[in-house]
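Accompanying notes for the structure given below.
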Amino acid sequence: MKIFIERKRILCIFIYCLLASSYLYPQYQLAPVGPILDEPQGFILESLSGYGYSNTVINTISNSSGLNPALIFAHKTFSIGISNQFETRIDLMQDTQYYRISALIPQSICCVMPFRSIRLGLGFHQKYNFGKDFGLFNATRVDPDSDSGYAELGTVRLYKEILVYNYTSFIAVPVPKTRDLILGIRINYYQFKWHHIQDPSLILSESGYPAEQITESEKTDHDVTLSLGLLYDIKNVRLGMYYEQGADFDDVHGSIPDKLAFGFLVLDIGFLDFHANLNYVFWDKITYIIDPINSQIEYSGHILFHILKSLSSSLGVIHTNYRMQNDELYNIFNTYYNTYYLTFGLIYTYKNINFDISIADSHLFSDDMRKNTVFKLGFDVNIM
């Protein structure tokens, strides 16, 4: 009877949090912004790990700064992790390419500190990473003495680079008067960096005009937001819910949308586990000046195989999309971004050290402007 009452109380808490989240989203209306963060290739698969892709119920220490903050409660010793991520270039159109910036900067760093029945965490991760190489352009100037009316100076190359870092602090605690229900709270400090480069490495033409110097422009901004998460274990099933408040960069007219996530994990199905994740990304809460974007559903499912006591592997799929609301006007554009990633991961444990490797590839079933390969390495240490 007591167990029934407790489970009923926990279910009520989940429903209450869901209703509260649904109420919060319409209240958090972002300011009108321009399309400075609307390149979907820049949004990183930050929850990718050797376990697959999940931001709600299972992941590594190194990724914890961008996940359901309640997940850190499982760590009973001081733990630290680091990961890095590498991606292939994407041919966007003509000579334009997408590339990942600053490959030497870690994708994520996190440490977890237990204190009695509380878990505290500090972390960093890259939320958005987008570089665009526009290719070579002919540089000209008006020349009334020329038959064509202009004189060629040579060629110029343009680059645009945008980074969003997230510095986080978070806490996970048991919910009073319940068993196995964990509440997590995270504070996010988002840092925005925009970098525009004009590289006039000109091949001088017969006009003899000298090349100008490289010109660069930069913009920065920041925002502070909140994330909440719940985690509940019942026998061999784990349920997770996670709300991530987006960021609004007023000075540069760019925003990151809110996200609501649900997930579950089923343990010990023979020699394997299964987990699935569902994200609802609230793009429609961002009022774009020109082109509104549809809110999108992202989903993933993964099987985790326990090969040996110290070695596990995962296989799965991730789906994401990106569509403008005006389908009649953007009918062709809306076919560019439908994306399916096939994933493979390995997790190896040696004493108190965990290594994980993950690969996500979208070439097989995705549209042209999302075909790339992501490779990620992670390293966690549980300090006794």
Name the strands (runs of 3 or more DSSP E) wholly within the range 265-311 that hold at least 3 residues that are under 17 Å from residue 322 (Cβ atoms), in contact with a strand residue (DSSP E or B) (Cβ under 6 Å, 6 or more places away or on another chain) and not small (Gly, Ala, Ser)?
272-281, 296-306
Here is a list of conditions, (1) modelled with pLDDT of 90 or more; (2) in contact with a helix residue (DSSP H, G or I) (Cβ under 8 Å, 6 or more places away or on another chain), and residue 301 meets all of them except one; can you say which number that is?
(2)
Please pick out the residue among 254, 263 that is touching a helix residue (DSSP H, G or I) at 6+ places or on another chain (Cβ under 7 Å) and under 23 Å from residue 45 (Cβ atoms).
254
Picking from 92, 136, the residue that is over 21 Å from residue 59 (Cβ atoms), aliphatic (A, V, I, L, M) and in contact (Cβ under 8 Å) with a residue 60 or more places away in the chain would be 92
Wholly inside the range 108-190, strands (runs of 3 or more DSSP E) that include 1 or more residues that are touching a Pro at 6+ places or on another chain (Cβ under 9 Å), polar (S, T, N, Q) and crowded, with 19+ Cβ neighbours inside 10 Å are 118-142, 150-174
In the range 297-307, is there at least one residue being closer than 25 Å to residue 342 by Cβ and of a type in the set (S, T, N, Q)?
yes
Is the range 309-325 home to any residue that is surrounded by fewer than 18 Cβ atoms within 10 Å (Cβ to Cβ) and of a type in the set (Phe, Trp, Tyr)?
no
Just one of the numbered conditions (1) part of a loop (DSSP other than H, G, I, E, B); (2) in contact with a His (Cβ under 9 Å, 6 or more places away or on another chain); (3) under 26 Å from residue 301 (Cα atoms); (4) not polar (S, T, N, Q) is not true of residue 101; which one?
(3)
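The values are calculated or read from the model by the stated rules, or taken from the named source; none is laboratory data. Treat the numbers as computed from the prediction; the structure is a model and nothing was measured. Reconstructed Cβ throughout: ideal geometry from the backbone, glycine too, with neighbour counts over all protein chains shown.
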